[in-house]
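Comments concern the structure below.
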Amino acid sequence: MMTDTISVSVEGAVKSFGGTPAVDGVSLKIRKGEFLTLLGPSGCGKTTLLNLIAGFLEPERGEIFIDGEAVTHVPPYRRSIGMVFQSYALFPHMTVAENVAFGLKMHKVPASEIGPRVAEALEMVRLPQMGPRTPRQLSGGQQQRVALARALVIKPSVILLDEPFSAIDKNLRADMQVELKRIQKRIGITTLFVTHDQSEALSLSDRIAVMSHGKIEQLSGPAELYRNPASSFVASFIGDINRMPCTVIGIEAGEVVLKANEHVLRLPKEHGAVDVLAAGSAALLFARPEELALVPAQGVEANLGEGVVDTHVYQGTHVDVYVRFGDGRAVRVRHPGFEALERFPAGTAVGVHANLAQAFVFPEK
Amino acid sequence: MDRLLRVLYGVLIGATLIYVTLPSLVVVVTAFSDKALLMFPPTGFSLKWFERAWTYDDFRKGMVNGLIITAWASCIALAVGTMAAFVIERFEFTGKRTLEAVLLSPLVIPHFTLGIAMLILASEISLSRTFSLVVACHVILVLPFVMRSVYVSLKNIDPALERAAASLGASPFRVFMKIDLPLLAPGLAGGWLFAAILSFNEFTATLFVTGQRTQTLPVAMYTYVREYADPTMAALSSMLIAVTVLFLVAANRWLGLERILSIEARH
């Protein structure tokens, strides 16, 4: 980040519905100009957290600050926020220009300034001619761009986006993401983005907070999240991954030693939650499909053991080969290109090699 | 077989239409009779019953009384019902379900029960036979219809619209005025129209709470029928049918009839 000024700060926020905590003691600092994403499955509390920051909900405990000012009990209309919703939420009885002008009127901006600022905002989202139209005459993508212009035109301290692209056609979604990123970087606005779509989060965010059961499981940059997940939940939720049961033998010389599939493996100690693993306990070994490779059966390289090729899934840029072990478990091995289709036909006996420098171990829940 | 079914279907539809509209047709035709008897079909043509209905003093007074009461009752019910529906639909509070049940109860309570209750209550506080008593009674009766109409319209408003407006700096009052009210307008108009028609036509409860000075048209008609049995009633009814049809055609043009009638179909 350019600066380390904090734009939004959440401290120990708790919010429950009917006794069940939806947000369970969350603390979070969003830096000025940062694009931060709350990522998690539905019901993880990400939308509740967004609504606490927006002011549509009040926390039972904890404090919320926007630009250093405590806003915990300040209603939404007195907070400096802009919001974009999944349903676009454009006012159907107003034209596009009136929609964009609404916030300026509410903030008592002089009438002479409103026209130029609306035009500028519509220009920014590349819809300069759409002012006189009604929302109904626009496509979903266009409506969401108008909603973005409407939220940004009042120059809020932070913009909150609640699953903004979920209702948009899949082909158009990528364009919308690029567009959002472009605008966000250009005006340098602090952005809080809520989504359940991990690829969307990975491609847009400066940092991602992965949420589960009302808590933040991990808060880090996209690459770190993918390459060094902090929990089995994060490892499973972000990207494709293989999970194999294993037994911890012990920790020695900066390495964790475990046994999986009758093979002894040594992993770098910092990969996974090694501190909580007791010798002899059951654990789960995580390895991404691209960190596995097919090698000759019985070879020394086959550190995950031998199996038989079950099926292939051809994905264009790569082939996912499913190998079934003797105990019935299958792992997914990713091979770039398409050669794997011919080299490893179904029924071939193969060995599986794992790049242990990129594998993780977490306790079995 | 298929053709037979289609013919039967056509007959069923035709029969239903005739069954529903026949009373109105009979009344309208009888109104043009030249005899002082309610008979069908009439033996001659005359407009004298229309003239009598138009000039009969009690009907004129009843008409004026009815319009005054209807105007007050429908407008008060619209204001109260809109607020009640908005609060019940959008906010959580203790006693919410009870309040809703109480406000909607006139739908299932017999009108004469309400009429007697209002009469007893009014004489206790010496308000009997006043206009305000009749208006109060009608407000209670038509309130559920206004509330249902507003409910339906409110449910069609995306709550994100209100949140969007709030995020743009609009206070709750301005959100209501700038967002909810314009979007509710058709539902409000429908609810008001329905309330007005119901109030104007209400008879059972009205019979208990009106006096000679405050009697509405349906009560005046009832009094008339007890004394005479000539086609004046048919003529008056024909005029009312004509006015109602005009109203509904206009309402359908501007508001969509299915929206107004959905008040009845919901729940």
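The values are calculated or read from the model by the stated rules, or taken from the named source; none is laboratory data. Computed from a prediction, not measured in an experiment: that's the story for all the values here. Don't worry about glycine lacking a Cβ; one is built from the backbone with ideal geometry, like all the others, and counts go over all protein chains shown.
Here are some notes:
- Scan of segment B:7-47 for residues that are within 14 Å of B:Ser237 (Cβ to Cβ) and either part of a loop (DSSP other than H, G, I, E, B) or in contact with a strand residue (DSSP E or B) (Cβ under 7 Å, 6 or more places away or on another chain) (or both), ordered by number: B:Phe32, B:Ser33, B:Leu38, B:Phe40
- Scanning segment A:123-133 for any residue that is farther than 22 Å from A:Val178 by Cα and either within 13 Å of chain B (Cβ to nearest Cβ) or among the aromatic types (Phe, Trp, Tyr) (or both) turns up nothing.
- Test: residue in segment A:58-70 that is surrounded by fewer than 22 Cβ atoms within 10 Å (Cβ to Cβ), touching a Leu at 6+ places or on another chain (Cβ under 8 Å) and within 14 Å of chain B (Cβ to nearest Cβ): yes
- Some residue of segment A:298-305 being under 24 Å from A:Gly351 (Cα atoms) and among the β-branched types (Val, Ile, Thr): yes
For every residue, the table says whether it meets (1) in contact with a Lys or Arg (Cβ under 9 Å, 6 or more places away or on another chain); (2) touching a residue at least 24 places away in the same chain (Cβ under 8 Å).
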position: A:Lys181; (1), (2): no, yes
position: A:Gly188; (1), (2): yes, yes
position: A:Leu202; (1), (2): no, yes
position: A:Ser205; (1), (2): no, yes
position: A:His213; (1), (2): no, yes
position: A:Ser220; (1), (2): yes, no
position: A:Asn228; (1), (2): no, yes
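- Members of segment B:142-171 found to be touching a helix residue (DSSP H, G or I) at 6+ places or on another chain (Cβ under 8 Å), within 13 Å of chain A (Cβ to nearest Cβ) and at pLDDT 90 or above, listed by number: B:Leu161, B:Glu162, B:Arg163, B:Ala164, B:Ala165, B:Ala166, B:Ser167, B:Leu168, B:Gly169, B:Ala170, B:Ser171
- Selection status of A:Leu52, part of a helix (DSSP H, G or I) and touching a strand residue (DSSP E or B) at 6+ places or on another chain (Cβ under 8 Å): yes
- Conditions (1) more than 9 Å from chain B (Cβ to nearest Cβ); (2) surrounded by 15 or more Cβ atoms within 10 Å (Cβ to Cβ); (3) part of a loop (DSSP other than H, G, I, E, B); (4) not charged (D, E, K, R): number failed by A:Val100: (3)
- Only residues that are surrounded by fewer than 18 Cβ atoms within 10 Å (Cβ to Cβ) and in contact with a Phe, Trp or Tyr (Cβ under 9 Å, 6 or more places away or on another chain) were counted across segment A:190-206, and they come to 2.
- First in segment A:61-81 and assigned by TED's automatic domain parsing to the domain that holds A:Ser27, second anywhere and of a type in the set (Lys, Arg) and not in a strand (DSSP E or B), Cβ under 7 Å, 6 or more apart: A:Ile66/A:Arg79; A:Val71/A:Arg79
- Long-range neighbours under 6 Å by Cβ, at least six apart or interchain, first residue free of Cβ contacts under 8 Å to residues at least 40 places away in the same chain and farther than 14 Å from A:Glu98 by Cβ within segment A:129-155, second among the hydrophobic types (A, V, I, L, M, F, W, C) and assigned to a loop (DSSP other than H, G, I, E, B): A:Gly141/A:Ile168; A:Arg145/A:Val125; A:Arg145/A:Leu127
- Odd one out for B:Leu184, checked against (1) surrounded by 15 or more Cβ atoms within 10 Å (Cβ to Cβ); (2) more than 22 Å from B:Ala251 (Cβ to Cβ); (3) within 14 Å of another protein chain (Cβ to nearest Cβ): (2)
- Count of segment A:162-204 residues which are touching a Ser or Thr at 6+ places or on another chain (Cβ under 7 Å) and either farther than 26 Å from A:Met106 by Cβ or within 14 Å of chain B (Cβ to nearest Cβ) (or both): 9
- Flag for A:Ile64 being out of contact with any Lys or Arg (no Cβ under 6 Å at 6 or more places or on another chain), farther than 22 Å from A:Pro229 by Cα and among the β-branched types (Val, Ile, Thr): yes
- Within segment A:19-49, tally of residues that are of a type in the set (Val, Ile, Thr), in a strand (DSSP E or B) and touching a Lys or Arg at 6+ places or on another chain (Cβ under 6 Å): 1
- Boolean, A:Tyr77 is under 17 Å from A:Ala147 (Cβ atoms) and among the hydroxyl-bearing types (Ser, Thr, Tyr): no
- Scanning segment A:239-259 for residues that are surrounded by fewer than 19 Cβ atoms within 10 Å (Cβ to Cβ), touching a Ser or Thr at 6+ places or on another chain (Cβ under 8 Å) and of a type outside the set (S, T, N, Q) yields A:Arg243, A:Lys259.
Let's see how each residue does on (1) of a type outside the set (Lys, Arg); (2) farther than 21 Å from A:Leu225 by Cα; (3) surrounded by 12 or more Cβ atoms within 10 Å (Cβ to Cβ):
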site	(1), (2), (3)
A:Asn261	yes, yes, yes
A:Leu265	yes, yes, yes
A:Leu285	yes, no, yes
A:Pro289	yes, no, yes
A:Pro296	yes, yes, yes
A:Ala302	yes, yes, yes
A:Glu306	yes, yes, yes
A:Gln315	yes, yes, no
A:His318	yes, yes, yes
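- Those residues of segment A:160-172 which are in contact (Cβ under 8 Å) with a residue 60 or more places away in the chain and crowded, with 22+ Cβ neighbours inside 10 Å, in sequence order: A:Leu160, A:Leu161, A:Asp162, A:Pro164
- Residue in segment A:137-159 that is of a type outside the set (Ser, Thr, Tyr), assigned to a helix (DSSP H, G or I), surrounded by fewer than 19 Cβ atoms within 10 Å (Cβ to Cβ) and under 20 Å from the mean Cα position of the chain (by Cα) present: no
- Selection within segment B:53-83 - buried (at least 21 other Cβ atoms within 10 Å of the Cβ), of a type outside the set (S, T, N, Q) and either touching a Pro at 6+ places or on another chain (Cβ under 7 Å) or closer than 30 Å to B:Asp158 by Cβ (or both): B:Ala77, B:Leu78, B:Gly81
- Segment A:337-365, residues that are assigned to a loop (DSSP other than H, G, I, E, B), under 34 Å from the mean Cα position of the chain (by Cα) and among the polar types (S, T, N, Q): A:Asn355
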